[in-house]
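The values are calculated or read from the model by the stated rules, or taken from the named source; none is laboratory data. None of the values given here were measured: they were computed from a predicted structure. Reconstructed Cβ throughout: ideal geometry from the backbone, glycine too, with neighbour counts over all protein chains shown.
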Amino acid sequence: MLTFATNEDIAIRASADLPLICPREQTIASGSDGAFRPGDVWTLRSSTVDFSTQGVLSGQVIQLTRPTQLGARSPSQLFMIDSVGPFSVTLRRQGEGPLKGDPPAPTSGLTGVQFRVMTLAPQIVLAGQTLDQRFGLGNRLADGPGVDPNSARILTDAVVLLVLSRQYLAVSQSGAGQPDLFATKAAYYQAEFNDLIARFIVRGDNETSRWSVPPAFGTRLSR
């Protein structure tokens, strides 16, 4: 199965909107009894949610909403799942290693945290399949030197852009949020995707092939 990108790649590009464009049906776990113990401010615990049993995995995204009485300027933040236990998850900042950056809780600990673990894995897989069907990437990776490092980065960006364009469009058509704004963002990411694909290079056994944007990657968006 070709994916090329991760939840983290998408979260880095659209962190503010991720909870809006990720379908509620793809919530892996949620609760309102999240707690951080004093001195262990990177581990979220819950007495009611067994994270490992519910399928929470390293690399998924978790949204934390701090108690309103704290008066935080930005009460809701996104973190990455670094490791998973039965009733706890260890977190980290996007794009950072463990214990790097501002922790999600004060050193004194925190209780009453709302949390939602989400994933765009199905959309990432579909986007990877779209690229594979157009460029035969699976065959190239299996039978030859495959994709050079620069093109691998382009593929990651392409999957991210395609997922974002599709998700923003889906939300705009649902009437939720701000439809006009989301439609504009969908068009923006689609245009960036088209430009990226026009410069996409795949290395085969004996040649380098430059691909132009096929008709299916035109300006019409589809879910």
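Computed quantities for the displayed model
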{"quantity": "Qualifying position, being assigned to a loop (DSSP other than H, G, I, E, B) and touching a residue at least 24 places away in the same chain (Cβ under 8 Å), among D82, D102, D50", "calculated": "D50"}
{"quantity": "Unmet criterion (only one of (1) within 25 Å of Q178 (Cα to Cα); (2) modelled with pLDDT of 95 or more; (3) basic (K, R)) for R66", "calculated": "(2)"}
{"quantity": "Filtered residues of segment 1-29 (kept if over 11 Å from the mean Cα position of the chain (by Cα), surrounded by fewer than 20 Cβ atoms within 10 Å (Cβ to Cβ) and farther than 15 Å from L169 by Cα)", "calculated": "M1, L2, T3, A16, R24, E25, Q26, T27, I28"}
{"quantity": "Qualifying position, being among the hydroxyl-bearing types (S, T, Y) and within 27 Å of S172 (Cβ to Cβ), among T53, T65", "calculated": "T65"}
{"quantity": "Some residue of segment 17-30 being small (G, A, S) and closer than 26 Å to Q178 by Cβ", "calculated": "yes"}
{"quantity": "Pairs with Cβ under 6 Å, 6+ apart, first in segment 10-33 and within 25 Å of T111 (Cβ to Cβ) and hydrophobic (A, V, I, L, M, F, W, C), second in a strand (DSSP E or B) and modelled with pLDDT of 95 or more", "calculated": "I28/V117; A29/V117"}
{"quantity": "The one condition in (1) closer than 29 Å to F182 by Cα; (2) in contact with a Gly (Cβ under 9 Å, 6 or more places away or on another chain); (3) part of a strand (DSSP E or B) that E8 fails to fulfil", "calculated": "(3)"}
{"quantity": "Long-range neighbours under 8 Å by Cβ, at least six apart or interchain, first residue closer than 18 Å to V61 by Cβ and at pLDDT 85 or above within segment 121-138, second assigned to a helix (DSSP H, G or I) and polar (S, T, N, Q)", "calculated": "A121/N7; A121/Q26; P122/Q26; Q123/Q167; I124/N7"}
{"quantity": "Any hit, segment 102-117, residues being among the charged types (D, E, K, R), crowded, with 19+ Cβ neighbours inside 10 Å, in contact with a helix residue (DSSP H, G or I) (Cβ under 9 Å, 6 or more places away or on another chain) and under 30 Å from D157 (Cα atoms)", "calculated": "yes"}
